[in-house]
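Student: Structure provided below as structure tokens; questions to follow.
Every number in this text was worked out from the coordinates using simple rules, so none of it is lab data. On a predicted model such as this, the values are computed, not experimentally measured, just so you know. Glycine gets a Cβ as well: all are built from the backbone with ideal geometry, and neighbour counts include every protein chain shown.
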Amino acid sequence: VNRDRCQRLDLSGNARNWFLPGNSDSYRNFTGKGLRCLLDVPNAEVYRNAHHSSGGFCSQSSQPLGEKIPSVQISSAGQLPHHFPAWNLQIIRSFHTSPSLQAAPVPLFWIIVKPAQKLLAIILGRSIRKWWKALPPNKRELFKESARRNKWKILLGVSSLGVVFVMFYFTHLEETPITGRARLMVFGKEHFRELSQMEYDMWMDLFKSQMLPETDAGYQLVETIVGHLSESNKDIPQVSALKWVIHVVDEPAVNAFVLPNGQVFVFTGLLDAVSDIHQLSFILGHEIAHAVLEHAAEKASLVHFLDFLSLIFLTMIWAICPRDSLAVVGQWIQSKLQEFMFDRPYSRTLEAEADKVGLQFAAKACVDVRASSVFWQQMELAEAIEGQPKLPEWLSTHPSHENRAEHLDRLIPEALKIRESCNCPSLPGPDPRLIFRLNMQRLLKLAEGQEAPNSTKQDPSKPKLDLPHT
């Protein structure tokens, strides 16, 4: 985002031109493989007239969001300005709506102690192995015979240890706000206040020279959307309890995150990547949901519990393996099994939950929730045009773009009912998902037209264009 954004944005308060016009001539050009990607979204006057009822799901909003949003000047041809493109392939590659360092993963004490715990487990296991190897054969047989005679006592001791872990787990379960899902919570919010402040200081120190001023139109846009989302959902105690502070970073990375203490960070690369205000509102609602649902503390609790259990297996690995090299391989396998069987699936579960709650937040703010799945379809399309490899979902901490869009499509009917219960105005124009599908068809036809003159014989076994099916 260029620093002369303020000079090219209309701060008159008219929200009409913020949205792409809903006509067939307003498309952004895609550069890649000689193709043009035809993307469009309908006119969305809904923000201008958004209002809420005071009961049910909804909270009374003090002012419609559309009256407070600075608009982007659009040319007479309906094109977005260069500094605010509908899509940018170069900055889209590594987008996740939650950063790898969303919050301090565990309380500071456990961060320091964790490596020492693993080291002690390795030393203990290695010492047991050396002690066993040093025993004379007759003593080994005596030890084995003693173990066989006392097998029930040993089994009782191991079972008692297992009961302790099970009791600890079930006595630390609590209900997730809003969704009511049962979850393990070893650490409470109070444990994360100081750590959230520490991480906030780290981010501020890292981006201190890139922070946009409050007078910047991008900053005002994010501030208005976050304020409208929090005002529309103030009936939720966890939303009204946090003070939402906005930080817009002049950085091309497509990213946004919210710390557990309500500090909102949005990179200008995300402002360039979204096609309209509805997509941006959903993404910010998703990030606010992470903070409201206390996902950082929940993930830290699970990691701490699993790490403690893994110390037992780590000790056994170093005690059983005959050589240190085999023990290192066994430790690596154990860590990868934990990562791919527990850590990453759990992260994907939290992302899906944040999508669901964030969509509800956006619906109560009278956002066009149908645009949420279009954003992830655009992400998938851009990666396909760039020729990026499509990794299996189980390798990622986030759901795949395709599965995320499908999950949101299943949630959209419920979100539309929430909009109706909040007395939101009717959604205008055609469904943006339909527009995206039509534009995909145009893109495929354009690709066929460009390839036909260059090839007289086409191999039917090879696809003409590596694009996702829509």
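Student: So, by mean Cβ neighbours within 10 angstrom, what's the order for 219-229, 379-389, 361-371 with the highest one leading?
Tutor: 361-371, 219-229, 379-389
Student: What translational D, rounded to a whole number of µm²/s, comes out for segment 363-451 from Stokes-Einstein when the hydrodynamic radius is the Kirkwood one over Cα pairs, at 37 °C and 0.692 mPa s?
Tutor: 220
Student: Now for a separate question. Measuring from label point to label point, each 7 Å out along Cα→Cβ, what is the S421 to S209 span in nm?
Tutor: Inter-label distance under the simple model: 5.0 nm.
Student: Starting from the Cα-Cα distance between L120 and D431, subtract it from 0.36 nm times their residue separation and give me the gain in nm to one decimal.
Tutor: Fully extending the segment from L120 to D431 adds 106.1 nm.
Student: Expressed in nm², what is the orientationally averaged projection area of the convex hull enclosing the Cα positions of segment 242-316?
Tutor: Across all orientations, segment 242-316 yields a mean hull projection of 6.6 nm².
Student: Further question: In whole angstrom, how far apart do the alpha carbon centroids of segment 201-232 and segment 315-367 sit?
Tutor: 31
Student: According to the Cα gyration tensor, what semi-axes, each the square root of 5 times an eigenvalue, does the equivalent ellipsoid of segment 301-439 have, listed from largest to smallest in whole Å?
Tutor: 44, 20, 7
Student: Follow-up. Would you mind estimating how fast segment 178-241 diffuses translationally, via Stokes-Einstein at 25 °C and 0.890 mPa s with the Kirkwood radius over Cα pairs, in µm²/s?
Tutor: Roughly 164 µm²/s, to the nearest whole number.
Student: Computed over the Cα atoms of segment 212-256, what is the ratio Rg over Rh, Rh following Kirkwood?
Tutor: 1.04
Student: Just to be sure I understand the model, the point goes 7 Å from the Cα along the line to the Cβ. What's the resulting F340 to L184 distance in nm?
Tutor: 2.1
Student: Another question, then. Just to confirm a number: summing +1 for Lys and Arg and -1 for Asp and Glu over residues other than W394 whose beta-carbon lies under 10 angstrom from that of W394, what do you get?
Tutor: +1
Student: Hey, can you rank 175-181, 159-165 by average C-beta count inside 10 Å, highest first?
Tutor: Final packing ranking: 175-181, 159-165.
Student: Here's another thing I want to ask about it. If you plug each phi of segment 322-332 into the Karplus form 6.51 cos²θ - 1.76 cosθ + 1.60 with θ = phi - 60°, what whole-Hz ³J(HN,Hα) values come out, in order, with x for Gly and Pro?
Tutor: Result, rounded to whole Hz: x, 10, 5, 4, 5, 5, 5, 5, x, 5, 5.
Student: Sort 428-441, 280-293, 325-338 by the packing proxy (mean of other Cβ within 10 Å over each peptide's residues), most packed first.
Tutor: Most protected by this proxy first, the peptides run 280-293, 428-441, 325-338.
Student: Taking 0.36 nm per residue of sequence separation and subtracting the Cα-Cα distance, how much length would be gained by fully extending the chain between K151 and E386, in nm to one decimal?
Tutor: 78.5 nm
Student: Let me ask you something else. Could you compute how fast segment 196-310 diffuses translationally, taking Rh as the Kirkwood radius over C-alpha pairs and applying Stokes-Einstein at 10 °C with viscosity 1.306 mPa s? Give it in µm² per second.
Tutor: D, rounded to a whole number, is 106 µm²/s.
Student: Follow-up question, since we're still on this one. Semi-axes of the equivalent ellipsoid for segment 261-359, please: Cα gyration tensor eigenvalues, times 5, square-rooted, ordered largest first, whole Å.
Tutor: Each semi-axis is √(5λ); the values are 39, 15, 11 Å.
Student: Net charge around E287, counting only other residues with Cβ within less than 12 Å of its Cβ (Lys, Arg = +1; Asp, Glu = -1)?
Tutor: Local charge sum for E287: -2.
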